[in-house]
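Asker: Quick one: structure below, then a few questions.
The values are calculated or read from the model by the stated rules, or taken from the named source; none is laboratory data. As the structure is a computational prediction, the values presented were derived from the model and not from experiment. Virtual Cβ from ideal backbone geometry, glycine too; neighbours counted across all protein chains shown.
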Amino acid sequence: MISMENVSVAYNGSHKPALSNVSLFFEKGDFVCVLGKSGAGKSTLIRVLNGLQPVTHGEVVWNNKPISRMDEKAIREIRRETGMIFQQFNLIPRLTVYQNILTGRFGYKNTLQSLFGLFSADERKRALDLIDEVELNVEPSRKVEHLSGGQKQRVAIARALIQEPSVFLGDEPVASLDPGTAERIFKIMKKNHDERNLLTIINVHDVSLARKFATRIIALNQGEVVFDGSPEDFKEPD
Ligand code: ADP
Ligand code: ADP
C-alpha cells in the first residue's frame, strides 16, 4: 500500500543524509516498529511516508501513485488517510479532551467556533466512544493540560482515529512515558490496529516493546536499513 523506492533525504547544511537509499514496502496489517539510535533517521522515515518531509531522491508511492506527482487534493487525501501521534502529544492544552478529539476531524478553527452546535449527534457520539476505546477514564470536559502523559497520549490516539485513517504513524509516541504506561499505550495501539486492520508504523527506542508488539521490525543505522524482518529473527547489534 505504501512503498519507498530508493529514498534519500538530505537536510540543508548536513553533509550526511538522514536517509540513504531506503527501499521498503508496507502492507495493510503490518504492525511495524522502527528501531535505531537517536539520529538514525527514524523520525525522517515516518515523516516522508505522508509527504510531511520531502525526499531528496527516490519516490514514496501510495497505492501506485507517487507523492511527487500528486496534486494538493490527493496529498490532502493521503494526510486524511494517515493518523499520526507524536512524542510531545501535540494537543491543544487549553481545550478539553472532547474538543481535542474533534479537532482531528474538523480542524482547530471549526472545533472552536462551533463547539457542540455544529457537530451531529453521530459525531459527538463517535468522539465519546473513542474515549472509551482508548480506555481514558476522564471527563470529556476536562482540559488536557491537567492530564498525565499517558492520558494525553490516549487523547492523541483518539484524535488520530476519529478521522478513520487506514495508516497509523507514531513518532516516538511512548518516549516520554514510564515503562508501565508505555506498555499500556502499545496495547491500545495494537488493539486498534487489529480491530481496524490498519497499517501501523511506530518509532520506538525500547527493543522489548518492539519484540512484544511488532509483526515486523525495521532497524535503521545512520540512515540505512540494517534489519527488516520478524521480531523472532531480530538480533540487537553489539
Ligand atoms: P531519529 O528519529 O532516529 O533520531 P532523525 O530522522 O530525527 O533521527 O534524524 C536523522 C538525522 O538527520 C540526524 O543526524 C539529525 O541530526 C538530522 N536531522 C533531522 N532533522 C533535521 C533538520 N530539520 N535539519 C537538519 N538536520 C536534521
Ligand atoms: P495512565 O495515564 O496511563 O493511567 P500515568 O502513569 O501517566 O498512567 O498516570 C497514572 C495516574 O497518575 C494518572 O491517571 C493521573 O491521575 C496521575 N498523574 C500522573 N502524572 C500526572 C501529572 N503530570 N499530572 C496530573 N496527574 C498525573
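Asker: Which of the residues spanning the range 153-165 are in contact with an Asp or Glu (Cβ under 9 Å, 6 or more places away or on another chain) and either buried (at least 17 other Cβ atoms within 10 Å of the Cβ) or assigned to a helix (DSSP H, G or I) (or both)?
Answerer: The answer is 154, 157, 158, 161, 162, 165.
Asker: Got a number for residues in the range 206-224 being out of contact with any strand residue (DSSP E or B) (no Cβ under 6 Å at 6 or more places or on another chain) and either surrounded by 19 or more Cβ atoms within 10 Å (Cβ to Cβ) or free of Cβ contacts under 8 Å to residues at least 60 places away in the same chain (or both)?
Answerer: Final tally of qualifying residues: 7.
Asker: Please work out if residue 181 is of a type in the set (Ser, Thr, Tyr) and surrounded by 15 or more Cβ atoms within 10 Å (Cβ to Cβ).
Answerer: yes
Asker: Of the conditions (1) over 21 Å from residue 192 (Cβ atoms); (2) in contact (Cβ under 8 Å) with a residue 24 or more places away in the chain; (3) outside any loop (DSSP other than H, G, I, E, B), residue 104 satisfies every one except a single condition; which number is it?
Answerer: All conditions are met except number (1).
Asker: Have a look at 192, 137 and point out the one that is under 15 Å from the mean Cα position of the chain (by Cα) and among the polar types (S, T, N, Q). Walk me through it before giving the result.
Answerer: Values: 137 fails: under 15 Å from the mean Cα position of the chain (by Cα).
Going through 192, 137 in turn, the sole match is 192.
Asker: Ok, one more. Out of the residues in the range 105-151 that are small (Gly, Ala, Ser) and modelled with pLDDT of 85 or more, state the one that is surrounded by the most Cβ atoms within 10 Å (Cβ to Cβ).
Answerer: Checking each candidate, the answer is 127.
Asker: In the list 168, 186, which residue meets the criterion of being surrounded by 22 or more Cβ atoms within 10 Å (Cβ to Cβ), within 23 Å of residue 122 (Cβ to Cβ) and modelled with pLDDT of 95 or more?
Answerer: Numbers: 186 fails: within 23 Å of residue 122 (Cβ to Cβ).
Result of the check over 168, 186: 168.
Asker: Taking the condition of being under 16 Å from residue 81 (Cα atoms) and assigned to a strand (DSSP E or B), how many residues in the range 43-61 meet it?
Answerer: Initial filter on the range 43-61 (under 16 Å from residue 81 (Cα atoms)): 46-52, 60-61.
Checking which are assigned to a strand (DSSP E or B) leaves us with 60-61.
The qualifying residues number 2.
Asker: Only one residue in 72, 27, 59, 77 is charged (D, E, K, R), touching an Asp or Glu at 6+ places or on another chain (Cβ under 8 Å) and either without any contact (Cβ under 8 Å) to a residue 60 or more places away in the chain or more than 16 Å from ligand 1 (Cβ to nearest atom) (or both), so which one is that?
Answerer: Numbers: 72 fails: touching an Asp or Glu at 6+ places or on another chain (Cβ under 8 Å); 27 fails: touching an Asp or Glu at 6+ places or on another chain (Cβ under 8 Å); 77 fails: touching an Asp or Glu at 6+ places or on another chain (Cβ under 8 Å).
When all the criteria are applied, what remains is 59.
Asker: Is it true that residue 52 is of a type outside the set (Asp, Glu) and without any contact (Cβ under 8 Å) to a residue 24 or more places away in the chain?
Answerer: On the way: of a type outside the set (Asp, Glu): yes; without any contact (Cβ under 8 Å) to a residue 24 or more places away in the chain: yes.
Taking the combined requirement at face value, the residue satisfies it.
Asker: Right, next: Only one of these conditions is not met by residue 23: (1) part of a loop (DSSP other than H, G, I, E, B); (2) loosely packed, with under 14 Cβ neighbours inside 10 Å. Which number is it?
Answerer: Condition (1) is where residue 23 drops out.
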